Amino acid sequence: MKIDEKINFWKRKAKECYKIAEGQYGLRNYLWCLFFCHLSLEKILKAIVIKQTKKDAPYTHDLLILARLAKIELSLNQADGLKIITSFSIETRYTAKINVFASRVSPLIEAHIASVEEFNRPESPWLIEAKKYGHPI
């Protein structure tokens, strides 16, 4: 697969995951909403990594690592937000106590809404970069 094809692949997958996240949010399935938000961010960051490096993105779910490889400058709040979103996703993938985690998701969203909102500011450098690659956020 050529570089442009890889970038377009990750962009398409990011949009698909974002649409699923929106649907899950509307249904108040916050656990799945967070999971697909993470996937959407992971995939658009992988597209940017490929664009920047001309190499395949690494096999990682860590959004902060991907943002750094994509050469996106992040504020401390943005970096913390990526860490939070990654931790949600990792815990939903690998926890043996999924029901306990699910009951904690809504309060966690409320507690960290400011850091999540940070990513939605139009002037956020990572968001400007992601929009160049067609991410719907």
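Rule-based calculations on the coordinates, nothing more; no lab input. Just so we're clear, the structure is a prediction, and the values are computed from it rather than from any experiment. Because the Cβ atoms are built from the backbone with ideal geometry, glycine has one as well, and the counts that use them run over all protein chains shown.
Key figures
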| quantity | calculated |
| --- | --- |
| Ranked list, fewest to most other Cβ atoms within 10 Å of each Cβ, for D62, D4 | D4, D62 |
| Ranked F35, F9, criterion: other C-beta atoms within 10 Å, fewest first | F9, F35 |
| Relative exposure of K46, K2, judged by other C-beta atoms within 10 Å (fewest first) | K2, K46 |
| Estimated inter-spin distance, K19 and H61, nm [label 7 Å along Cα→Cβ] | 2.4 |
| Linear extension gain, N29 paired with S87, 0.36 nm per residue minus alpha-carbon span | 19.1 nm |
